[in-house]
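The values are calculated or read from the model by the stated rules, or taken from the named source; none is laboratory data. The structure displayed is predicted, hence computed values, not measured ones. Backbone-built Cβ (ideal geometry, glycine too); neighbour counts: all protein chains shown. Ligands, DNA and RNA are stripped out before the accessible areas are found, and what is left, the full protein with its side chains, is counted by its heavy atoms. Shrake-Rupley method; radii C 1.70, N 1.55, O 1.52, S 1.80 Å.
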Amino acid sequence: MERIRTIEKIIESGVVAVIRAESKDEGIKIIDAVKKGGIKALEITMTVPGAVDIIKELSEIYKNEDVIIGAGTVLDPETARLCILSGAKYIVSPSINEETIRLCNRYRIPIMPGAMTVKEAIQALELGAEIIKVFPGSAFGPSIISAFKGPLPQGNFMPTGGVNLDNVKDWIKSGAVAVGTGSDLTKGAKTGDYQLITETASKFVEEVKKARLK
């Protein structure tokens, strides 16, 4: 049941914040700012120094709050298992790794593998992925979602890469169940402007809501 509820929360939220940072301290500041902006699904990428420790720490801090902590840029089953043991509620990968998907299924943890072709999307569905990460979204644009939905109307797609405030509504209208966004959301961290991150997060949430109403 928890796996299903996690998927539902990600779809309800509509936005997954992809957190990349230069340090653990910066990562925590970004996460706090994003959370204040109303984004409930947070993806800590394995490229962040001390990522597993951050996941463990945040999972404890926010265990009683309506926030979902996940792990991103997970390339292999060993890393996936370590993240799960540290409290990650979902796993995101830039590509399809069958062993990683099987491991997540074994422990009933949602996994969103990356796909760029219909063949890869079908493979992800056959392996049991409920949400497929379309990556990099910037290589195609929003039309790729409706193109995927043609032969695969049963698929749930989440683009990451190239999603910004100007086009997020187009991704949602094209059929995306959620979007993943990183640099466009967290760019304020470069200048220490975490209030900008909070404001941007709030705008992303609002744009998704408006797109779903039309």
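Scan region 1-32 residue by residue and report those that are small (Gly, Ala, Ser) and either at pLDDT below 95 or on the phi > 0 side of the Ramachandran plot (or both).
Passing the criteria: 13, 14, 21, 23, 27.
Taking residue 49 and the conditions (1) outside any helix (DSSP H, G or I); (2) touching a Ser or Thr at 6+ places or on another chain (Cβ under 8 Å); (3) open to solvent by less than 10 Å² (accessible area, probe 1.4 Å), which numbered condition does it fall short on, given that it satisfies the others?
(3)
Taking region 76-96 as the search range and keeping residues that are within 15 Å of the chain's Cα centre (by Cα) and open to solvent by 30 Å² or more (accessible area, probe 1.4 Å), which one is nearest to residue 56 (Cα to Cα)?
Among those that are within 15 Å of the chain's Cα centre (by Cα) and open to solvent by 30 Å² or more (accessible area, probe 1.4 Å), it is 89.
Mind listing just one residue for me: the one in region 97-150 that is loosely packed, with under 14 Cβ neighbours inside 10 Å and more than 19 Å from residue 74 (Cβ to Cβ) and, of those, farthest from the chain's Cα centre (by Cα)?
If we take residues in region 97-150 being loosely packed, with under 14 Cβ neighbours inside 10 Å and more than 19 Å from residue 74 (Cβ to Cβ), then 150 is farthest from the chain's Cα centre (by Cα).
Look at region 7-46 and say how many of its residues are out of contact with any Leu (no Cβ under 9 Å at 6 or more places or on another chain) and open to solvent by 10 Å² or more (accessible area, probe 1.4 Å).
18
Search region 191-211 for residues that are within 14 Å of residue 16 (Cα to Cα) and pair each with any residue that is of a type in the set (Phe, Trp, Tyr) and in a helix (DSSP H, G or I) when their beta-carbon atoms are under 8 Å apart and the residues are at least 6 apart or on different chains.
none
Go through (1) closer than 21 Å to residue 195 by Cα; (2) surrounded by 14 or more Cβ atoms within 10 Å (Cβ to Cβ) one by one and return the number of the condition residue 73 breaks.
Of (1) closer than 21 Å to residue 195 by Cα; (2) surrounded by 14 or more Cβ atoms within 10 Å (Cβ to Cβ), only one is false for residue 73: (1).
I'd like to check something: does region 153-162 contain any residue that is outside any helix (DSSP H, G or I), in contact (Cβ under 8 Å) with a residue 60 or more places away in the chain and of a type in the set (Ser, Thr, Tyr)?
Yes: region 153-162 contains one or more residues that are outside any helix (DSSP H, G or I), in contact (Cβ under 8 Å) with a residue 60 or more places away in the chain and of a type in the set (Ser, Thr, Tyr).
Which helices (runs of 4 or more DSSP H) does region 71-129 wholly contain that include 1 or more residues that are small (Gly, Ala, Ser) and modelled with pLDDT of 95 or more?
So the answer is 77-85, 118-126.
Quick check: anything in region 156-163 under 21 Å from residue 20 (Cα atoms), surrounded by fewer than 23 Cβ atoms within 10 Å (Cβ to Cβ) and in contact with a Leu (Cβ under 9 Å, 6 or more places away or on another chain)?
Taking every residue of region 156-163 in turn, none turns out to be under 21 Å from residue 20 (Cα atoms), surrounded by fewer than 23 Cβ atoms within 10 Å (Cβ to Cβ) and in contact with a Leu (Cβ under 9 Å, 6 or more places away or on another chain).
Between a residue in region 16-38 that is closer than 26 Å to residue 157 by Cα and any residue that is of a type in the set (Phe, Trp, Tyr) and open to solvent by less than 40 Å² (accessible area, probe 1.4 Å), which pairs come within a Cβ distance under 8 Å, given they are 6 or more apart or on different chains?
35/62; 37/204
Only one of 187, 203, 169 is farther than 23 Å from residue 97 by Cβ, open to solvent by 10 Å² or more (accessible area, probe 1.4 Å) and modelled with pLDDT under 95. Can you tell me which?
Step by step, each of 187, 203, 169 is checked, and only 187 is farther than 23 Å from residue 97 by Cβ, open to solvent by 10 Å² or more (accessible area, probe 1.4 Å) and modelled with pLDDT under 95.
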